[in-house]
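Derivation of every value follows stated rules applied to the coordinates shown; laboratory data play no part. If you're wondering where the values come from, they're calculated on a predicted model, not measured in any experiment. Here the Cβ is made from the backbone with ideal geometry for all residues, glycine too, and neighbour counts use every protein chain on show.
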Amino acid sequence: MSVVAGLELSTTEWLDFSEKLNSFAIALLASVDIVVTEKKSADPKVVAASLLIRTASNFKGTLCLARMGMIVEARTLARSCFENWFWIAGVQAEGDAFVQAMGRDDLVSTKWLSELAIGSLSIDQTRKRDLVDGLRKLVDGVPKPKRLNPNDVADKSVISKSYGIYKLLSADAAHPSIRALSRYIVPAADGLCAINMDPAQKPGEMALTIHYACIALMGCCVVFNEMMGFTPVGRGINILADEFDALKASTGIG
């Protein structure tokens, strides 16, 4: 993997801390023995473990992209870390009820994808209608669910204030908004504009992006540790939290 030359010192410092945090998340997961119950993969603890694993993976991707200087892509994956945090907090707050809501949400998505696939088949319209009608009958007995969305999920827990960071990362990176696209536009001296292949980033923005991702992964670790009954390994989060605060103070990031 190539590493961009001349990373800001604050970015390097946050990357160093992030490696510690990522190792802690993996150690926390490895230290827990989750008993598989009759709920199987729908057990809230299993779902929580899956969400923490996903977050650690997204977090690692954020760091890889940060080292390559890819600000938009790093912020997009950092946003995913926040979404995972909202979901694991929802599992902690509502347990089985939230897992069931996740299942209903997935059913709606599957139904929509199935109808889309049926629509693309090279068969006559009558046959297509029969297939769609059959699909709808399969889900008629399921209460019509409201799709899960990050804002509603975040409101289920004390981390709702972090939704603002999620929205920021959505607006200036993850979504093709005017704000996000403006990163690629460079004003020229003659009043015209040029297009830059490398999206612009503000001083300290990459370090701040890593800082955001750290907030989300630390949050996931805290929730997971609480759900697992406060593990011995989980005590290490307090040390990391102190290092996090010290790094914020020394770098002026966050």
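When only C-alpha pairs under 8 Å and at least 6 residues apart count, what is the relative contact order of segment 21-79, in percent? List each step's numbers first, then the result.
Working: 33 pairs, mean separation 17.1, N = 59.
Once divided by the residue count of segment 21-79, the mean separation gives 29 percent.
Consider all pairwise Cα distances in segment 1-93 and report the whole-number % of them above 17 Å. Before the final figure, lay out the partial values.
Working: 2418 of 4278 pairs.
For segment 1-93, the share of Cα pairs beyond 17 Å comes to 57 percent.
In the neighborhood of ALA246, defined by Cβ-to-Cβ distances under 14 Å, what is the net charge if each Lys or Arg adds +1 and each Asp or Glu adds -1?
Details: positive: LYS20, LYS248; negative: GLU13, ASP16, ASP242, GLU243, ASP245.
Computed value for this residue: -3.
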What order do you get for 230-243, 88-101 when each peptide is scored by the mean count of other beta carbon atoms within 10 Å, highest first? 88-101, 230-243
